[in-house]
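Here the structure is laid out as structure tokens; the discussion comes afterwards.
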Amino acid sequence: MAYRDRVLMGPGPCNVSPEVSAALAAPLLGHLDPEFLHVLDETCSRLRQVFQTTNPLTLPLSATGSGGMEAAFVNLVRPGDPVVVGINGLFGERMAEVASRHGADVVRVEAPWGEPLDPQRLLDAHRAPKVIAVVHAETSTGVRNDVEPLGRSKGDAVLLVDCVTSLGGVEVDVDGWGVDVAYSGSQKCLGVPPGLAPITVSPEGRRRLVQRPTSWYFDLDLIARYVEGDGGGRTYHHTAPVAMVMALHAGLGLLLDEGLAQVWQRHLDAGRALQQGLEELGLELVGPPSHRLPQLTVVRVPDGVDSAAVRRQLLERYGIEIGAGAGPWASTVWRIGCMGPSAASRHVALLLAALGEVLGR
């Protein structure tokens with residue numbers, strides 16, 4: 001099947017809308033063109049609405065979601081700073097690794113893969129942490145971690161939240177939850193190709209930023225002078241990825257036109273239908289129902305079934321992409337995404353029918 005006809009239901013990029021495709025294909029503007037700068041300003045404003053924040057420092061970083069993670073830690077952590085990291089999957093592990101590389105004294109708070117973290121354990125892990133870091137939607141397990149209790153009781157700590165798989169798919173309330181720094185990725189529930197990392201920093205988080213961090217490229221103070229200006233105009237930092245910003249502008253516009261509550265409900269409806277259908281096929285889902293993500297479902301591969309062979313048949317015969325597991329779960333689970341435009345009943349029905357046929361169920 002031609003790649004352009006594929007239904008992307010893995011944990012990575014989702015299908016994009018015609019509007020986003022058109023934005024990518026539009027004639028290219030220069031990165032200093034006044035029209036592009038107007039689009040960039042509108043994109044930052046739209047990101048504030050989706051993050052549910054008034055933070056002035058809210059922008060799309062020129063990087064993928066992992067670049068957003070790197071930028072957050074390099075701007076927050078000095079050598080020796082105590083950093084509490086919640087770990088119940090691959091991306092919590094990555095947070096701990098990145099923090100360690102920047103010299104943090106990492107305090108690990110772990111839960112088994114497939115289980116949510118206990119917020120109180122994170123709060124009790126250190127008497128005075130510089131940062132408390134957690135993944136809101138753990139992409140490796142399909143489990144949601146609770147953020148609001150952390151913001152309510154974090155004290156003087158900076159609360160850092162990975163929203164790569166949650167932003168645009170389930171509620172993210174940066175201001176309401178007391179989040180100081182949050183980052184995401186463009187390619188999941190926002191319905192845009194990979195390449196940008198939306199990030200937002202609260203005024204308190206901004207006050208706590210490291211001056212002259214070890215990364216020039218990810219220096220948020222320097223980038224802010226380009227995005228916000230400083231009363232004397234913008235200060236050039238780097239060449240912005242114009243086409244990607246135009247695509248994100250279009251994707252965010254579609255999301256906001258639909259309405260945040262409606263978008264969250266669409267993801268919830270698609271995820272519930274998928275999970276119910278998978279259980280009707282006799283498959284076992286990962287995680288407690290109270291904390292399963294609707295936009296990313298993790299399902300155990302049945303005994304005796306070749307995970308890679310099933311994924312290959314789905315792709316080659318039906319044009320449907322689902323994901324393998326990650327880390328220690330690489331061959332024992334499938335990760336199925338209902339994200340962005342892929343969160344639609346027709347995609348769910350097609351996937352369930354095709355998977356049932358491949359499995360003979």
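The values are calculated or read from the model by the stated rules, or taken from the named source; none is laboratory data. Here the structure is a predicted model, which is why all the values come from computation and not from measurement. Using ideal geometry, Cβ is built from the backbone for each residue, glycine included, and neighbour counts are taken over all protein chains shown.
What the table below lists for this structure:
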read-out	value
Any chance L351 is part of a helix (DSSP H, G or I), surrounded by 21 or more Cβ atoms within 10 Å (Cβ to Cβ), in the same structural domain as E284 (by TED's automatic domain parsing) and modelled with pLDDT of 95 or more	yes
Single residue of E148, E115, E138, E110 found to be of a type in the set (D, E) and within 18 Å of A72 (Cα to Cα)	E138
Among the residues listed as V131, V143, V83, the single one being closer than 23 Å to L293 by Cβ and either in contact (Cβ under 8 Å) with a residue 60 or more places away in the chain or crowded, with 22+ Cβ neighbours inside 10 Å (or both)	V143
Residue within the stretch 237-257 that is modelled with pLDDT of 95 or more and more than 20 Å from S184 (Cα to Cα) present	yes
Failed item, numbered, when V263 is tested on (1) β-branched (V, I, T); (2) in the same structural domain as P198 (by TED's automatic domain parsing); (3) closer than 14 Å to G168 by Cα	(2)
Breaking point among (1) among the hydroxyl-bearing types (S, T, Y); (2) surrounded by fewer than 24 Cβ atoms within 10 Å (Cβ to Cβ); (3) closer than 28 Å to W264 by Cβ, for S166	(2)
First in the stretch 254-269 and among the β-branched types (V, I, T), second anywhere and surrounded by 13 or more Cβ atoms within 10 Å (Cβ to Cβ) and assigned to a helix (DSSP H, G or I), Cβ under 8 Å, 6 or more apart	V263/L255
Elements of type helices (runs of 4 or more DSSP H) contained in the stretch 31-114, each with 1 or more residues being more than 30 Å from A247 (Cα to Cα)	90-101
Residue within the stretch 21-31 that is crowded, with 16+ Cβ neighbours inside 10 Å and hydroxyl-bearing (S, T, Y) present	no
Residue list for the stretch 224-283, filter: in a helix (DSSP H, G or I), surrounded by fewer than 16 Cβ atoms within 10 Å (Cβ to Cβ) and among the polar types (S, T, N, Q)	Q262, Q265, Q276
Filter result for R312 (of a type in the set (K, R), more than 23 Å from L293 (Cα to Cα) and surrounded by fewer than 17 Cβ atoms within 10 Å (Cβ to Cβ))	yes
Restricting the stretch 297-316 to residues that are part of a helix (DSSP H, G or I) and out of contact with any strand residue (DSSP E or B) (no Cβ under 9 Å at 6 or more places or on another chain), the residue that is farthest from E138 (Cα to Cα)	E316
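Yes or no, residue by residue, for (1) buried (at least 19 other Cβ atoms within 10 Å of the Cβ); (2) among the charged types (D, E, K, R); (3) farther than 29 Å from G340 by Cβ; (4) outside the structural domain of L252 (by TED's automatic domain parsing):
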| site | (1), (2), (3), (4) |
| --- | --- |
| R101 | no, yes, yes, no |
| L117 | yes, no, no, no |
| A137 | yes, no, no, no |
| G155 | no, no, yes, no |
